[in-house]
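So the structure is just underneath, and the comments pick up after that.
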Amino acid sequence: DLIKPIFWEIYKAVIFNETGVVINHTSISEDAGALIRNYLKWLILDESGEIPITKSIYLHGSFGVGKTTLIMAGLKFTEYLAVKVKYKDRLFKSISMDELFLESYTSESLKNIGKLVKGFWVLDEVMEKHLSYKHYGKEHMIINDILMARHNLWKRNGTPTMIISNMRPELTRL
């Protein structure tokens, strides 16, 4: 019963830290509230939510609507649970796709992408520009490779991935 209020406080703190805006229950639409409740249930493996706990999440929307903020609040929440109640089920790490591509470009190696083939990951801000990537003159389809590796991990172990993007799934080549 304490899970919802704890998550709510973490979510409010994340929003305040990022925007300086104080939110309350009345500033959240009914649809957004349902999304938050279902995401939280999925995150803690509560099967009563509308998102099947065995599936990955693809969260899309316009820039600045709070996709990353919501997901990061969930990550902070699971970190809190890991400390307080030894929660170990879904401890996600997050990486920005721009950060990943910059690391690959500056290191002259694609090795850092290998870390994404195991564990729980949030792939943040997957954009059209990431679909094709030139690395020292050679074109790579890195996002496709990452998603295929994540899909294979899900098939083998049931390990989900969270993807945050501004691209609607039906308009992508993913």
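The values are calculated or read from the model by the stated rules, or taken from the named source; none is laboratory data. The model shown is predicted, which means the values in this text are computed figures rather than measured ones. Glycine gets a Cβ as well: all are built from the backbone with ideal geometry, and neighbour counts include every protein chain shown.
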Looking only at region 130-170, filter to residues that are in contact (Cβ under 8 Å) with a residue 60 or more places away in the chain and hydrophobic (A, V, I, L, M, F, W, C); which one of those is surrounded by the fewest Cβ atoms within 10 Å (Cβ to Cβ)? Trp154
What number of residues within region 15-56 satisfy the criterion of being at pLDDT 75 or above and not small (Gly, Ala, Ser)? 23
Taking Lys129, is it modelled with pLDDT of 90 or more and over 18 Å from the mean Cα position of the chain (by Cα)? no
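For region 115-159, please list each of the strands (runs of 3 or more DSSP E) lying entirely inside it that holds at least 2 residues being over 28 Å from Val65 (Cβ atoms).
By residue number, 133-135, 138-140.
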List every residue pair whose Cβ atoms sit under 8 Å apart, with the two residues 6 or more apart in sequence or on different chains, where the first one lies in region 100-116 and is among the acidic types (Asp, Glu) and the second, anywhere, is at pLDDT below 80. Glu103/Asn112; Glu108/Tyr136
Can you tell me how many residues in region 79-115 are within 16 Å of the chain's Cα centre (by Cα), surrounded by 15 or more Cβ atoms within 10 Å (Cβ to Cβ) and at pLDDT below 85? 2
